[in-house]
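As structure tokens, the structure follows; a few thoughts come after it.
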Amino acid sequence: MIDLHSHSIFSDGTDTPEQLARTADQLGLTALALTDHDTLAGLPRFLAAQASVTTLLVPGIELSCRYLGRVLHMLGLFVDHADPVFRERVAELGDRRQSRNRKIMLRLQAMGVSLTWAEVEAAAPTGLVSRTHFARALVACGAAGSPQDAFRRYVGDHAPAYVPFPDLSPGEAALWIREAGGIAVVAHPGRGTPRNFRWDDAMAELKGMGVEGFEARYPDYGPLEERYFLELARTLDMVPTGGSDYHGLNKPGQTLGVGRGSLHVPEAILACLQRRLPGQAV
Ligand code: AMP
Ligand code: MN
Ligand code: MN
Ligand code: MN
């Protein structure tokens, strides 16, 4: 079993990269990818842990993109975190996130919430501040009863203090990933799209932009959805990846590898991905 989607304290997870590596090893996973949102900062520590575990540790990232007017998350698997061009591109994305965070702060203050930037930063154990950290800070300052309440009233997708930020296109993200030696796959398609969304057409278009696969196995999927995406991958000759999207305590009820208990991503997917790595003979 493998897991190609997880988060550490370097984005909005609560486990350190070393803890993730150790847990994956204890669970007997063949491979685990660390795919923090819009940052490479956890990867040096993650890869250093390879010396003490059998699980193959796969360097990754989850890039926030915009596609057809909505947020689309693009996973980059096997990316070279030391690639200077890629590092520069990701750092610039971090700047955009910071300026978006300032706008969220202003909106919260305009709503009468007394929250300071220092309090938000205090909720984020590493440099990256996401809405997860805003939600925690909103709970800590008493403006919300729970993180869910904070998302509902303040920073959720349809809440008043929400400011969208990514204007990265999927094609651009796929190019960045490819140039950094990795493989671009769409994270959790089907989550957050309306029922009538034509993923078959969209995925064919994304494939044309250099995307090589997508998550066909994901904890939130029902059996029909999983079957649909597995079949779509076959039809389009794309790689059906999958992962738990583990966030530690920030997303309770999820375990590495198995998600809510029934997730199972076959090891064979690893070889499918490795065959497509830049520089590999097809
Ligand atoms: P950001 O990248 O700053 O827009 O934050 C997005 C992250 O916030 C997602 O990856 C989720 O982990 C989390 N998130 C978004 N909406 C919700 C929600 N309604 N409830 C809980 N977590 C959420
Ligand atoms: Mn997240
Ligand atoms: Mn995501
Ligand atoms: Mn994720």
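The values are calculated or read from the model by the stated rules, or taken from the named source; none is laboratory data. Because the structure is predicted, anything quoted here is derived from the model rather than measured. Here the Cβ is made from the backbone with ideal geometry for all residues, glycine too, and neighbour counts use every protein chain on show.
Quick notes
- Residue match in segment 112-129 (condition: within 18 Å of the chain's Cα centre (by Cα), small (Gly, Ala, Ser) and surrounded by 15 or more Cβ atoms within 10 Å (Cβ to Cβ)): yes
- Only a single criterion out of (1) assigned to a loop (DSSP other than H, G, I, E, B); (2) away from ligand 4 (no atom under 15 Å from the Cβ); (3) surrounded by fewer than 19 Cβ atoms within 10 Å (Cβ to Cβ) is not satisfied by Thr14, namely (2).
- Qualifying residue in segment 263-273 (condition: within 20 Å of Ala174 (Cβ to Cβ), surrounded by fewer than 18 Cβ atoms within 10 Å (Cβ to Cβ) and away from ligand 1 (no atom under 16 Å from the Cβ)): yes
- Thr241 being buried (at least 22 other Cβ atoms within 10 Å of the Cβ), among the β-branched types (Val, Ile, Thr) and over 20 Å from Thr39 (Cα atoms): yes
- Subset of segment 180-196 (residues that are surrounded by 15 or more Cβ atoms within 10 Å (Cβ to Cβ) and out of contact with any helix residue (DSSP H, G or I) (no Cβ under 9 Å at 6 or more places or on another chain)): Ala187, His188
- Residue identified as within 16 Å of ligand 1 (Cβ to nearest atom) and modelled with pLDDT of 95 or more among Leu75, Leu57, Leu47: Leu75
- Only one entry of Leu75, Leu93 meets the criterion of being assigned to a helix (DSSP H, G or I) and buried (at least 17 other Cβ atoms within 10 Å of the Cβ), and that entry is Leu93.
- Residues in segment 200-212 that are more than 16 Å from ligand 3 (Cβ to nearest atom), part of a helix (DSSP H, G or I) and surrounded by 16 or more Cβ atoms within 10 Å (Cβ to Cβ): Ala202, Met203, Lys207.
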